[in-house]
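We did not get these values from a lab; they are worked out from the coordinates using the rules stated. Since the model is a prediction, treat every value here as computed from it, not as a measurement. All Cβ positions, glycine included, derive from the backbone under ideal geometry; neighbour counts span all protein chains shown.
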Amino acid sequence: MAGVLLLVSSTVAIGHSGVRATSPKKGSVVRVLPKKVTITFRDRLLRVTQARVVDARGRNHAVWARLDRRNAAKVVIRTRRPVAGRYRVLWKVQAEDGHTETGSFRFRARRSR
Ligand SMILES: [Cu+2]
């Protein structure tokens, strides 16, 4: 019975989350850190609570983050100080149903700008 309950609750959790696409793509290697990192969700969001673009030394390269004005399912993160290396993007958003969702993905930049 516990297994059934667990299955149901995890299905609900997956139901309102879901990243459709990211830019750069998850796990990809790009030439330089782009000025804008984006995360597109399957559903509209209420707001971005937190967004960071962290390099291997733990420095945050995000300047600001907001929802795209034309697409409330898309988070736009402005970056600065493009250096070569590994990046991890960490985000926290509030879904339209009020639930908070968190996640992360990684990519790598070959060169500094
Ligand atoms: Cu929800």
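Net charge dipole, the range 18-109: roughly 540 debye, given to the nearest 20, about the Cα centre with Cβ charges of +1 for Lys and Arg and -1 for Asp and Glu. A dipole drawn for the range 18-109 from +1 and -1 charges on Cβ atoms has a positive end, and of A51, L33, V89 the residue lying farthest that way is L33.
Size of the range 12-113 from its Cα atoms: along the principal axes, largest to smallest, the extents are 40, 24, 22 Å.
Within the range 65-80, list the residues whose amide N lies under 20 Å from a label point set 7 Å along Cα→Cβ of L46. Label zone hits: 65-76.
For the range 18-109, averaging the sequence separation of C-alpha pairs within contact (under 8 Å, six or more residues apart) and dividing by the residue count gives a relative contact order of 34 percent.
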